[in-house]
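Working notes for the structure below.
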Amino acid sequence: MAATALGAPARRIWPIGVGRVDLMLVILLSMTAMAICLFNGKALSPQVYDTFNIYFQADPPRVISNMTERWSPYQNRTVAHPLFSITALSSVKALALLGLPPMQAIGLLLMLAAAVSAGGFHVAMRLMGLAPAAAAGFTLALLASAGFLHWYAFIETYAFSATGIVLMLIFTCSMRSLPRAGWIVASAASVAMLITNWGLGLAAAFFRLPFRQFLLVSGGAFLLVSAVSAVQMKLLHRAAFWLDPRIIVKEKTYAGPKMHAAGMAWHPSISARNALLMPGVVPSPQRADMQTEIGSSTVVTNQFAPLGQWGVAGGIAAAAWLVLLAGGVAGTLADRQRRPIGLALGLFLASKILFHSVYGEITFLYAADIAVAALAFAALGWFSPYRKAVVGALILFIAVGSIHNERQFLTAAKLSNQIALDKQHGRASGI
């Protein structure tokens with residue numbers, strides 16, 4: 001075997017691209033993702049979607065209204081989710097032409113988001129240069145993550161915003177030159193469902209492209225999103241321009257210091273810990289009465305879970321998760337060619353962790369977006385001197401984390417179903 005300049009055996013160089021084997025893997029992984037989404041979706045009672053704040057303070061009535069009603073009073077959330085309303089509503093209306101009722105259409109869209117995320121993530125990993133088996137392994141880790149298992153089966157915006165991240169990852173991670181028009185569309189897709197996710201679009205273009213191309217791609221994405229946003233304002237009731245400062249300033253309601261002053265629990269160190277760990281692994285959820293921005297609510301939460309509540313399996317999976325992230329750091333430092341990928345992903349993850357240490361009450365609400373980017377970052381460990389340790393942690397995370405996280409999801413679903421029932425009989429608080 002040939003030796004490198006340092007005297008170590010040269011590793012096999014896999015072709016950077018997608019072949020027939022990858023096509024089969026994409027199909028299998030996408031079908032697996034859809035099956036998980038379908039199975040977990042059935043664990044949730046329809047009554048859960050009739051109320052606010054039950055499931056980790058998610059707002060399914062608002063989201064369902066956004067997806068099904070042009071005249072919805074909730075269309076003003078277009079500042080946080082710039083193009084979610086027009087994209088989701090038009091998709092549901094298109095599926096209605098095929099005879100699908102609204103809730104079935106929404107369920108199908110969640111399954112399609114899961115399929116695109118799984119298939120697209122595998123493609124991104126292959127374009128980064130991972131071997132087919134390694135790319136499939138990191139994709140399976142995504143499907144085993146708490147962020148995926150909890151949020152791709154639940155009607156909210158997060159499955160769709162995470163899918164936008166995956167589309168951006170294809171361009172962020174590719175060691176091949178891809179069309180600039182594609183970069184513009186991918187950057188727009190990253191911000192379309194959740195405004196803070198543009199952090200990846202901007203960071204990827206900055207670190208991966210010449211500065212003039214960075215300006216071209218970012219400016220093009222801004223103009224594209226702005227143009228669609230202007231159309232959305234004309235078509236949807238109360239829809240605002242995606243960068244309307246009058247609406248943006250209202251987001252301070254969900255800032256930690258503001259919530260703390262209003263009597264709500266907030267600890268930035270715990271929020272930062274949760275943003276780092278919970279996209280991968282979660283502790284056991286609990287039923288609790290929490291003070292929220294709309295008053296007291298009975299919710300399912302894991303925000304203030306002590307370390308003992310993670311259990312043995314959760315502790316093992318969390319340790320494997322941290323090893324994977326450490327592998328990403330090592331890969332970024334060791335592989336000069338792929339360092340811009342690591343810098344873009346690392347900056348995005350750091351910004352999300354910092355942001356959610358001061359924004360939002362239950363940090364796990366935002367786990368799906370972080371999980372996708374975190375595992376792409378972890379995949380850089382494949383190119384580090386510690387590949388064997390990374391592979392071991394990957395196998396351990398898939399084996400232990402998948403079972404542990406699924407159990408926590410089913411527990412959360414059961415608790416949510418009971419709270420929804422109790423609300424109907426006055427035994428739980430909230431609206």
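What follows is calculated from the coordinates using simple rules that are stated; it is not laboratory data. Being a predicted model, the structure only gives us computed values, none of them experimental. All Cβ positions, glycine included, derive from the backbone under ideal geometry; neighbour counts span all protein chains shown.
Which order do the peptides 248-255, 141-148, 58-65 come out in when sorted by mean C-beta neighbours inside 10 angstrom, highest first?
Result, highest mean first: 141-148, 58-65, 248-255.
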J(HN,Hα) series, the stretch 197-213, from Karplus relation 6.51 cos²θ - 1.76 cosθ + 1.60, nearest Hz, glycine and proline x: 6, 5, x, 6, x, 5, 5, 4, 5, 5, 7, 9, 10, x, 4, 5, 5
Antiparallel DSSP beta bridges within the chain, percent to nearest 5: 90 percent
The stretch 90-189: relative contact order in percent, alpha carbon pairs under 8 Å with at least 6 residues between: 31 percent
Cross-link reach list, aspartates and glutamates versus residue 42, counting only Cα pairs under 15 Å and skipping chain neighbours closer than eight places: 406
FRET efficiency, 1/(1 + (r/R0)^6) with R0 25 Å, evaluated for residue 104 and residue 424 via beta carbons: 0.60
Cα gyration tensor shape for the stretch 158-233, rounded if a/c is under 1.5, else prolate or oblate: oblate
Spin-label pair residue 235/residue 355, simplified geometry with 7 Å Cα→Cβ offset, distance in nm: 2.5 nm
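If R₀ is 22 angstrom, what is the calculated FRET efficiency for the pair residue 399 and residue 309, using the beta carbon separation as r and rounding to 0.05?
Numbers: r = 21 Å, r/R0 = 0.97.
Given R0 = 22 Å and the Cβ-Cβ separation, E is 0.55.
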Once the Cα gyration tensor of the stretch 24-114 is diagonalised, semi-axes √(5λ) in Å: 23, 17, 13
HN-Hα J in Hz across the stretch 177-187 - Karplus 6.51, -1.76, 1.60, θ = phi - 60°, x for Gly and Pro: 6, 10, x, 5, 4, x, 4, 5, 5, 5, 5
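Starting from the Cα-Cα distance between residue 250 and residue 265, subtract it from 0.36 nm times their residue separation and give me the gain in nm to one decimal.
Here the segment from residue 250 to residue 265 would lengthen by 3.4 nm.
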Stokes-Einstein D in µm²/s, Kirkwood radius over Cα pairs - the stretch 337-395 at 4 °C with 1.567 mPa s viscosity: 102 µm²/s
Cα-based shape type of the stretch 217-337, given that a ≥ b ≥ c are square roots of the gyration tensor eigenvalues and the cut on a/c is 1.5: oblate
Alpha-carbon centroid distance for the pair the stretch 71-90 / the stretch 173-250, whole angstrom: 16 Å
Paramagnetic label zone (point 7 Å from Cα along Cα-to-C-beta, residue 288; backbone N under 11 Å) in the stretch 328-368: 362-363
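If R0 is 30 Å, what FRET efficiency do you get for residue 94 and residue 414 from their C-beta distance, rounded to 0.05?
It comes out at approximately 0.30.
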Positive dipole terminus of the stretch 300-431, leading residue within 421, 399, 315 (C-beta point charges): 399
Largest-first principal axis extents of the Cα set of the chain (Å): 72, 50, 46
Shape call, the stretch 174-282: gyration tensor on alpha carbons, a/c limit 1.5: oblate
From phi via Karplus (6.51, -1.76, 1.60), per-residue ³J(HN,Hα) for the stretch 112-129 in Hz, x at Gly/Pro: 5, 4, 5, 5, 5, 5, 5, x, x, 5, 4, 4, 4, 5, 5, 5, 6, x
For the chain, calculated [θ]222 nm from helices alone, where every DSSP H run of n ≥ 4 adds -39500 (n - 2.57): -20000 deg cm²/dmol
Cα-Cα pairs of the stretch 333-431 separated by more than 20 Å (percent): 59 percent
Projected area, mean over directions - the stretch 273-404, Cα convex hull, nm²: 8.2 nm²
Amide proton proximity set for residue 56, modelled H, under 5 Å, gap of 5+: 300
